[in-house]
2 protein chains.
Amino acid sequence: MTRTADPAQGPRTRVVDELREAIIRGRYGPGDSLSEVVLAEIHGVSRTPIREALKQLQVEGLVEVRSRVGTFVRRPSRREVVELFQIKEMLEGLGARLLALRGEVAETALLRENLLRSAHAARDRDVEAYSPSVHEFHDLIVRGADNTRLAHHYRQLTNQLAYPRLVTASLRRPGRLEASLGEQRAVFDRVVEKDGFGAEWAMRDHVRALEREVMMATAADPLRDRRDP
Amino acid sequence: MTRTADPAQGPRTRVVDELREAIIRGRYGPGDSLSEVVLAEIHGVSRTPIREALKQLQVEGLVEVRSRVGTFVRRPSRREVVELFQIKEMLEGLGARLLALRGEVAETALLRENLLRSAHAARDRDVEAYSPSVHEFHDLIVRGADNTRLAHHYRQLTNQLAYPRLVTASLRRPGRLEASLGEQRAVFDRVVEKDGFGAEWAMRDHVRALEREVMMATAADPLRDRRDP
DNA sequence: CTAGCTTCTGTTGTATACAAGAAGGCGAGG
DNA sequence: CCTCGCCTTCTTGTATACAACAGAAGCTAG
C-alpha cells in the first residue's frame, strides 16, 4: 500500500517516492513550480530520472505539466474534491464489503486495536492523536479487502485528495470526533457479522459524513494556497 | 474519454496514444516484448519519447517493465480480472446513480438511440453489431455522470481489462444477448425516473451478470496467449 | 555427457547536448 | 502614461552517447 514498485530498484524509484511524499506532506504547496534542474540538483541525479518521476506523478494526478512551461503541484478544485469523494465512497464501500466476506483475518484484529486507540483519543478530545488513527482505519479497510487493483486505485485517490490535511481540518468541528468513532464502530460491527452489504453501506455512510464535514470545514477556505509550515 | 491530454501536443502524446490503442486492439499480445529501439524506429522518433510513453502505460497498468530486461505487454491474471470487475461494478454503479440525478441531458438521448441500435442487433442475433453497442452503453453511462475523475479511473480500468474482447466472448453464450439488453433497459428506465439508487443497483446487477458470463466464457481458455489475428 | 564458468549480446538506466517554444521584461512610438 | 512589438531568458522536449546489468550461448574441465 505504501510503494508502487519493488524497493530500491534505482534512483528513479527513490526519487518518485520522495517527490510524492514531499507533495503529499505539503513540502511543496499547490501551484509551486517543480523545476527539473532544481530537483535534479537536490536529488543529486540528472534531469532524466526527475523527468520520468514527474511524468509518473502526472499520471497519478499529483502534478500538472504544461508543455514547455513547467511542472506545477496540482491543487484539486472544489468540484474535483467532490468528485473524488464520490469515488472514495464507492471504493471504500467495496473494501468494507469484501473485508466482511473474508471473515476473521489479520486486518480485523488490527481494526479492533485501531478502534481502541481511536476511543482513547476521542475520550481525551485529542485530535492530533485521532487523526492518524482514522487514516489507519480507512487504510485497513481497503488493505483488508485483499484486492490489489482496489488498493492501487485507492492510493491514487487519497494522494490527490491530500487526505490527511482535509481530515484533520474536519475533525475539529464540534461533535464530529464522536460521530466519526460511532460510524467506524458500525462498520466494524457489520464486518465481524460478515454482513457484506451492511458493511458496505455503513462504510459509505461514514464516507458521506466525512465528505459533508470536509466540505463544510473548507467552505470559506478554498484549500488554501501556497505552502504553509 | 478517448485521450488523456491535449491533442497533438507533441510526438510523445501521439506515441502513447498509438501504443495504447495498439495494445488494447490486440496488435501486441500479452507477453510480447516491446523493445524501445524497435518502437523508436517504427514511430520515427528517438528512444526518449518511447520510454516516457512506456512508463506512462506502466502506471496505467497496461505494460510491465522489468528492470534492464525489457518491457512486456501485461496480461491480467484471472484473479486480477475478478478484482477489476469488482471495481468496475462500483464505478459504473456510481456513474448510473449520478447520471440519474442529473435528469435529461445529452447522454440520455444518446442512450436512447444506443438502446434502439442494440435492440436491432439483438433481434438479428448480430453479435458483431451488438458488441460495440454495449461498449458504448457503458461508456455513455460513465460519461453522462459528468465526473472527470470517475472517467479517468474508469478508463484505466477498461484498458486493463482488454474489455472489448472479453465482452464479445461472453455475448456468444446463448441467451446472454437478450438478457444483456433487458438489464440495460432496466438501468435506463431507472435513470429517466431519476431513481439514483435504483439506477445504481440496476447497473451493478448488470455488471455482475456481465462478470459472471465473462468468467464462464473464459473458464477453460485463460485469456489466451500470444497475438492472434 | 554434464556442470560450472566465461564471455558476449542485448536490453534498459542515466547523463548530457542541443532544439524549440513560452513568458516576461524592456524600449520605442503614440 | 499606455500599448505594441521585439528580444532575452528560462523552461521543457528530443536526440544521442555511454554505463550497468540480465540472460543466454558457448566453452572448458571433469
Across region B:105-131, what is the number of residues that are under 24 Å from residue B:148 (Cα atoms) and modelled with pLDDT under 95?
0
For region B:77-88, give me each residue that is more than 7 Å from every other protein chain (Cβ to nearest Cβ) and out of contact with any Leu (no Cβ under 8 Å at 6 or more places or on another chain).
B:77, B:79, B:82
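Suppose the filter is within 13 Å of chain A (Cβ to nearest Cβ), under 26 Å from residue A:146 (Cβ atoms) and surrounded by fewer than 19 Cβ atoms within 10 Å (Cβ to Cβ); does residue B:47 pass it?
It is false that residue B:47 is within 13 Å of chain A (Cβ to nearest Cβ), under 26 Å from residue A:146 (Cβ atoms) and surrounded by fewer than 19 Cβ atoms within 10 Å (Cβ to Cβ).
When you scan region A:130-229 for helices (runs of 4 or more DSSP H) that lie fully inside it, which ones turn up with 3 or more residues that are open to solvent by 20 Å² or more (accessible area, probe 1.4 Å), within 23 Å of residue B:157 (Cα to Cα) and not acidic (Asp, Glu)? Write out each step before concluding.
Details: elements: A:148-161, A:163-171, A:176-192, A:196-217.
Ranges flagged: A:148-161.
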Reported set for region B:59-76 where residues are at the interface with chain A (Cβ under 10 Å from one of its Cβ atoms) and within 18 Å of the chain's Cα centre (by Cα) is B:59, B:60, B:61, B:76
For region A:161-214, enumerate the residues that are in contact with an Asp or Glu (Cβ under 9 Å, 6 or more places away or on another chain) and small (Gly, Ala, Ser).
A:169, A:170, A:179, A:180, A:186, A:198, A:199, A:202, A:209
Given (1) away from DNA strand D (no atom under 16 Å from the Cβ); (2) open to solvent by 20 Å² or more (accessible area, probe 1.4 Å); (3) not assigned by TED's automatic domain parsing to the domain that holds residue B:141, residue B:82 misses just (3)
Residue check, residue B:165 out of contact with any helix residue (DSSP H, G or I) (no Cβ under 7 Å at 6 or more places or on another chain) and within 12 Å of chain A (Cβ to nearest Cβ)
no
Is it the case that region A:94-115 has a residue that's under 15 Å from the mean Cα position of the chain (by Cα) and either within 14 Å of chain B (Cβ to nearest Cβ) or away from DNA strand D (no atom under 16 Å from the Cβ) (or both)?
yes
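The values are calculated or read from the model by the stated rules, or taken from the named source; none is laboratory data. Owing to the predicted nature of the structure, the values given are computational and were not obtained by experimental measurement. Don't worry about glycine lacking a Cβ; one is built from the backbone with ideal geometry, like all the others, and counts go over all protein chains shown. For accessibility, only protein heavy atoms count, side chains too; no ligands or nucleic acids. Shrake-Rupley method; radii C 1.70, N 1.55, O 1.52, S 1.80 Å.
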